[in-house]
Amino acid sequence: MRRLLLVVGTTCLAVSTTAAQTPASGKIASSWKCTVPNLGNALPVGDEPNHMYVVEQVKCTATKGDIAGVPEKEGTATEFVEVTGDTSTGHGVFVETLANGDTAFVSYTFKGTSKNKVMVSGTNKWTFAGGTGMLKGAKGGGTCTAKGNPDGGLTFECSGTYTLAK
C-alpha cells in the first residue's frame, strides 16, 4: 500500500511540475482604433511622380482584446513607408502596453491602399520581437486588416497566436 501511495504521489508531483513548466499559449483577437499618422518626415524619391519615403508614428487604443487574460490597452507604431501613388508598403515596430504595464514589441510588414492621400484599407503580418514582464520571450504572430476611418485614422482587426516563455 505504501508503494502504491508513493507511485501515485510521485506521478501527481511529476504531472503538476510539468504543468507548471508548460508555457501559457492562446489566441489573440484584437481591435484597435488608431489616430491619423504623425508624419516625421516625407521625402520625394524623384524618380517618378508620387513616389516617396515616409517615416511616421501612429498612436492606437485597444477597443477589444487580451493576452493571457490581461487586457490590451494602447500602443505606438513607428514605421517606414514607401509610397507609390495610391499604394504603400513598409515595415515597423508596434510597442504595445497591456493593462498591467507589461509591454510587447511587435515587428510587422504591411501593404495599404489610399485615396486622396488618406489610407482606406490595408493588411499586415506581425510577430513578437520581445517584451517585458510576462511578455519577455513571448513567441507568436498573426495578421491584421485595416480600414480607413472618416477622421483619417484607421481601425485594425487583428488575430494570431502566442506562447509565453514562462
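The values are calculated or read from the model by the stated rules, or taken from the named source; none is laboratory data. Here the structure is a predicted model, which means the values were calculated and not measured. A quick note on method: Cβ atoms are made from the backbone with ideal geometry, for glycine too, and the neighbour counts reach across all protein chains shown.
Observations on the structure shown:
- Answer residue from segment 141-166, given it is touching a Leu at 6+ places or on another chain (Cβ under 9 Å) and not aliphatic (A, V, I, L, M) and is farthest from V118 (Cα to Cα) among those: Y162
- Residues within segment 105-119 that are within 20 Å of T155 (Cβ to Cβ) and either within 14 Å of the chain's Cα centre (by Cα) or modelled with pLDDT of 95 or more (or both), tallied: 7
- Residue count, segment 38-64 (criterion: farther than 10 Å from V83 by Cβ, among the hydrophobic types (A, V, I, L, M, F, W, C) and free of Cβ contacts under 8 Å to residues at least 60 places away in the same chain): 4
- Some residue of segment 68-75 being under 14 Å from the mean Cα position of the chain (by Cα), under 30 Å from A165 (Cα atoms) and of a type in the set (A, V, I, L, M, F, W, C): no
- Taken as a whole, the structure leaves T97 outside the set of residues that are among the hydroxyl-bearing types (S, T, Y), part of a strand (DSSP E or B) and either at positive phi or exposed (fewer than 15 other Cβ atoms within 10 Å of the Cβ) (or both).
- Close pairs (7 angstrom Cβ cut-off, 6 or more residues apart or separate chains): of a type in the set (F, W, Y) in segment 112-139, outside any strand (DSSP E or B) and modelled with pLDDT of 95 or more anywhere: F128/A138
- Yes/no for V36 being modelled with pLDDT of 95 or more, touching a Gly at 6+ places or on another chain (Cβ under 7 Å) and either part of a loop (DSSP other than H, G, I, E, B) or among the aliphatic types (A, V, I, L, M) (or both): no
- Residue within segment 4-17 that is in contact with an Asp or Glu (Cβ under 8 Å, 6 or more places away or on another chain), polar (S, T, N, Q) and modelled with pLDDT under 95 present: no
- Evaluation of P150 against (1) under 17 Å from W32 (Cβ atoms); (2) touching a strand residue (DSSP E or B) at 6+ places or on another chain (Cβ under 6 Å); (3) not β-branched (V, I, T) (one fails), failing number: (2)
- Positions within segment 128-166 being part of a strand (DSSP E or B) and of a type in the set (D, E, K, R), in sequence order: K139, K147, E157
- Search result, residues across segment 60-89 that are farther than 14 Å from T103 by Cα, of a type in the set (D, E, K, R) and surrounded by fewer than 16 Cβ atoms within 10 Å (Cβ to Cβ): K64, E82, D86
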